[in-house]
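The values are calculated or read from the model by the stated rules, or taken from the named source; none is laboratory data. Bear in mind that the values here come from a model prediction, so they are computed numbers and not experimental data. All Cβ positions, glycine included, derive from the backbone under ideal geometry; neighbour counts span all protein chains shown.
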Amino acid sequence: MSERGWQLIFTVVAFVGLALLPAVVPGFYASLLGFTFTYVIAAVGVNLLTGYTGLVTVGHGGFFAIGAYATALLAKHWGTSVMVGLIVGPAVSGAIGFALGIICLRLGGAFLAIATLGFALTVGAVLNNWPMFEGRTGIQLGQNILFGYPFKDLGFYYVSLVVMGLIMLASWSIVRSGVGRAFIAIRDSERAAEAMGINLRLYKTVAFAISAAMTGAGGVLFAHHNRYVSAETFGNAWLSVDFLTAVVIGGQGSLLGSVIGGGFVALVPYYLGELQDFAYILNGAALIATLVFAPEGAAGLLGRALRSVRRTHRTVAAVETVAVERGTGWNR
Amino acid sequence: MESLSIWDVHVQFGGVKALDGVNVGVPRGMIYGLIGPNGAGKTTLFNCVNRFQSYSAGTIHYRGRNLGSLAPHQVIGLGIARTFQSINLFRSRTTLDNILIGMHTHLGNPIAAMLSLPGGRRREAAMRARALRLAAMFGLEEVLEQQVVHLPFGYQKRVELARALAAKPSLLLLDEPVAGCNEEETSELAEVIRRINHEFQVTVVVVEHDMALVAAICEEVTVLHFGRTIASGTPAAMLNHPAVVEAYLGEANVGA
């Protein structure tokens, strides 16, 4: 079977497994996993820009915040539900992502990283100081409702599982299309990409917009998960750093990498419990270790291991065949 | 009939005149050579045609259209494709993906492509079929799914040619296509370039230092020296032209 076939089967099995998990596992952490999914969604967005298009962003916490506040303000003033938030939030953060993309067009490498970091800090400053966003007091969201029915942790788990699935599907579809190939072409060689007719300005800004919209969707879910947003969480650059860390540790240019990295960054502070301030140190150490020992990230490492296992199997099979043909094998 | 006409093009880098009034006229359907010592401005001239480099004076027309107002990514839309002096492939991608990226101008509606709508899927299938044919033509079938960065040099050169042809160009700019190749690879590539010219009806402009190759495949050449056109004519005439000999060998050898 082809590698793509195995990937598809693995993905389907994983999603079916996740859907059945709450029924099978007693004392299931629906709330924790639902929260983890919001990080994975954000990481998928960041990976599209940083992993595939090669534009490093340390600012996507800003788009996460924009998604979260868009839905929080809508809910506060008009009593809207998560469904409306999931449409408006990504639209707003996507539009702002497009604008930021235009501003950052001529920047690359470290300059782009710093510019996007500046964006995250600007968003943080606005949230802290503009009365509409209520600073550190924050905004409370009411009971979560979907199609008229209220839902709690378990319901939220399924909502975010579905949204994560859709966003991963979208990312997968984009990446393997001609548009995704153009993104990767820009990462590999801007010059050659231009010579092939790829409009750098258009494709870079579109990558920015799609990536920001995806991360914004993660923010919307995050707001409804906590039912509370405040500048305490969104008013600094740590979310942005977390998301970039997730993509690097998990694997740049890999969907599986977004899942592994997003999961890692979301769960580390939780399992550290009382020591959760050490998460920064642990993440930093993991980041450095990845860059030094496995630049392709955890997903790349996993893929390499699986391929070598398959190759060994094939080699063993081939040797056995030869042995049988020569009449020297154990199978005789 | 001239397809590419370069007239009085000037490019200045600080105090250096990289191109100082270059004139070149490439007739349609020809394999045309661009030669000259290192630093003569050959690659700079390609970059001008490609719009990677802007020029302070002069004009470049292709099939009657002035290229001066185009952005770099629009040049291929007029049918002008190129290769690079040092191989410039999309290194993390496979041979097939490289050729497919070369077809970017045939992608159609990007939204249909991204969401794999029926129209987008049809186009993708057609692009893949044509990419396979191109790969077969260049003997790349066995390495279709291999990352180009792991391919031998000769293969990478052929991937670059296949990728350049993927856009169905009418003019192909080749920047030192045989640099770093051994004799066998050189004669192979010479044959490939001739086939491209004949079978695809593509006008070819070659920048090359390998004079044997230039003499073998080019019908006409222009010689550049310090950013100026010093002569043009048949390869045989050029190699014996006193100004050309002087440019390559220095004054002391003239008449020796």
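Pick out the one residue from A:ILE198, A:ILE184 that is farther than 30 Å from A:ILE139 by Cα, β-branched (Val, Ile, Thr) and assigned to a loop (DSSP other than H, G, I, E, B). First the steps, then the outcome.
Details: A:ILE184 fails: assigned to a loop (DSSP other than H, G, I, E, B).
When all the criteria are applied, what remains is A:ILE198.
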Filter segment A:153-192 for residues that are crowded, with 24+ Cβ neighbours inside 10 Å and away from chain B (no Cβ under 14 Å); the one that is nearest to the chain's Cα centre (by Cα) is A:MET164
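Could you list all residues from segment B:90-115 that are more than 7 Å from every other protein chain (Cβ to nearest Cβ) and either under 23 Å from the mean Cα position of the chain (by Cα) or crowded, with 24+ Cβ neighbours inside 10 Å (or both)?
Scanning segment B:90-115 gives B:THR94, B:THR95, B:LEU96, B:ASN98, B:ILE99, B:MET103, B:HIS106.
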Within segment A:1-45, how many residues turn out to be closer than 29 Å to A:TRP238 by Cβ, out of contact with any His (no Cβ under 8 Å at 6 or more places or on another chain) and of a type in the set (Phe, Trp, Tyr)?
-> 4
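With the condition kept exactly as written, say whether any residue in segment A:79-95 is among the polar types (S, T, N, Q) and part of a loop (DSSP other than H, G, I, E, B). Even if it seems obvious, please write down each step before you answer.
Our first condition is that a residue be among the polar types (S, T, N, Q); within segment A:79-95, this holds for A:80-81, A:93.
Next, from what is left, pick out any that are part of a loop (DSSP other than H, G, I, E, B): A:80-81.
Checking segment A:79-95: at least one residue is among the polar types (S, T, N, Q) and part of a loop (DSSP other than H, G, I, E, B).
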Just one of (1) part of a loop (DSSP other than H, G, I, E, B); (2) surrounded by fewer than 22 Cβ atoms within 10 Å (Cβ to Cβ) trips up B:ARG195, so point out which.
-> (1)
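Does any residue of segment A:196-209 turn out to be closer than 30 Å to A:ILE145 by Cα and either aliphatic (A, V, I, L, M) or more than 10 Å from chain B (Cβ to nearest Cβ) (or both)? Can you show your working first?
So the first thing to find is which residues in segment A:196-209 are closer than 30 Å to A:ILE145 by Cα, and the list is A:209.
Those still in the list that are either aliphatic (A, V, I, L, M) or more than 10 Å from chain B (Cβ to nearest Cβ) (or both) too: A:209.
The answer is yes, given that some residue of segment A:196-209 is closer than 30 Å to A:ILE145 by Cα and either aliphatic (A, V, I, L, M) or more than 10 Å from chain B (Cβ to nearest Cβ) (or both).
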Being farther than 23 Å from A:ALA299 by Cβ and modelled with pLDDT of 85 or more is the filter here, so list the residues in segment A:1-29 that pass it.
-> A:LEU20
Matching residues in segment B:57-74 - criterion: being surrounded by fewer than 18 Cβ atoms within 10 Å (Cβ to Cβ) and either at the interface with another protein chain (Cβ under 10 Å from one of its Cβ atoms) or charged (D, E, K, R) (or both) | B:ARG63, B:ARG65, B:ALA71, B:GLN74
Would you check if there is a residue in segment B:75-88 being in contact with a His (Cβ under 9 Å, 6 or more places away or on another chain) and either at pLDDT 95 or above or at the interface with chain A (Cβ under 7 Å from one of its Cβ atoms) (or both)?
-> yes
Give just the number: which of (1) modelled with pLDDT of 90 or more; (2) aliphatic (A, V, I, L, M); (3) surrounded by fewer than 20 Cβ atoms within 10 Å (Cβ to Cβ) does B:LEU173 not satisfy?
-> (3)
